[in-house]
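Peer 1: First the structure, which I've put down as structure tokens, then a few questions once you've had a look.
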Amino acid sequence: MVPKIDVVVLGLLAEGPAHGYGLVERFRARSMDRWVGAGRASIYQALVRLEAAGSIAGRAEDGAEGPDRRVFRITRAGRSRLRAGVRGHLGSQGPYASEAGAALGFLGVLSPDDLRGALGDREQALAQLVDTLDGASGRSPDEEVAAARTQALLDRQRALAEAELSWLRAHRRLLVRGLEEGHGRADG
């Protein structure tokens, strides 16, 4: 499968040529950090890898107000790779992942008091994320359709955060009770 970061970089370049910093700015302008786990370094690493693979072509451009830059454009092979990546990722049955997902599987290592605190922290983090997403928008894209798509993806993230928050509130007692009973038997 085409790596997610390759899909992101190729997708941004499909909109038009750009240098690395310009891609980072496009990424930020679309609030993509809210639904794609990628940072500046991974974007630059993908540029190097994609150019070596022939998916993008770069050329040096004189920097009018700063240092020279390398401007990249997507190639025909890159467009084909992008389409394959979009189709592949849309058809994948991967899990809904969050930073907390792996931790939820190992709650038993915490004491009941630590677990209560950790679950409270997660609930607070999710509530703050929902509030942040309420204020986020597809603020920079010039095209109306691109802005609407960005907003739709932010809405998706908000819905996923709200679903996890609802799940956490519904299962909090069960999660803590199981741990308390296990610690009670171990202590007795």
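Peer 1: Under the condition of being assigned to a helix (DSSP H, G or I) and either assigned by TED's automatic domain parsing to the domain that holds residue 158 or touching an Asp or Glu at 6+ places or on another chain (Cβ under 9 Å) (or both), which residue from segment 8-58 is surrounded by the fewest Cβ atoms within 10 Å (Cβ to Cβ)?
Peer 2: 49
Peer 1: Can you list residue pairs whose Cβ atoms sit under 9 Å apart, with the first residue in segment 92-103 being more than 17 Å from residue 162 (Cβ to Cβ) and the second being not in a loop (DSSP other than H, G, I, E, B)? Count only pairs 6 or more apart in sequence or on different chains.
Peer 2: Correct list of pairs: 95/101; 103/118; 103/122.
Peer 1: Here is a follow-up. Looking only at segment 158-169, decide whether some residue is surrounded by 16 or more Cβ atoms within 10 Å (Cβ to Cβ), within 14 Å of residue 32 (Cα to Cα) and at pLDDT 85 or above.
Peer 2: Scanning segment 158-169, I find at least one residue that is surrounded by 16 or more Cβ atoms within 10 Å (Cβ to Cβ), within 14 Å of residue 32 (Cα to Cα) and at pLDDT 85 or above, so the answer is yes.
Residue by residue, here is whether (1) more than 14 Å from residue 71 (Cβ to Cβ); (2) under 13 Å from the mean Cα position of the chain (by Cα) holds:
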| position | (1), (2) |
| --- | --- |
| 1 | yes, no |
| 4 | yes, yes |
| 7 | yes, yes |
| 13 | no, no |
| 39 | yes, yes |
| 42 | yes, yes |
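Peer 1: Just need a number here: residues in segment 90-138 that are surrounded by 11 or more Cβ atoms within 10 Å (Cβ to Cβ) and outside any helix (DSSP H, G or I).
Peer 2: Qualifying residue count for the region: 7.
Peer 1: Go through segment 59-89 and report how many residues are surrounded by 10 or more Cβ atoms within 10 Å (Cβ to Cβ), assigned to a helix (DSSP H, G or I) and among the charged types (D, E, K, R).
Peer 2: Of the residues in segment 59-89, 4 are surrounded by 10 or more Cβ atoms within 10 Å (Cβ to Cβ), assigned to a helix (DSSP H, G or I) and among the charged types (D, E, K, R).
Peer 1: Quick test of your reading of the structure: residue 82 fulfils all but one of (1) in contact with a Gly (Cβ under 7 Å, 6 or more places away or on another chain); (2) within 17 Å of residue 156 (Cα to Cα). Name the failing condition by number.
Peer 2: In the conditions (1) in contact with a Gly (Cβ under 7 Å, 6 or more places away or on another chain); (2) within 17 Å of residue 156 (Cα to Cα), residue 82 misses (2) alone.
The values are calculated or read from the model by the stated rules, or taken from the named source; none is laboratory data. Small disclaimer: the values here were computed from a predicted structure and weren't measured. Methodologically, a virtual Cβ is constructed for each residue, glycine included, from the backbone with ideal geometry; neighbour enumeration extends over all protein chains shown.
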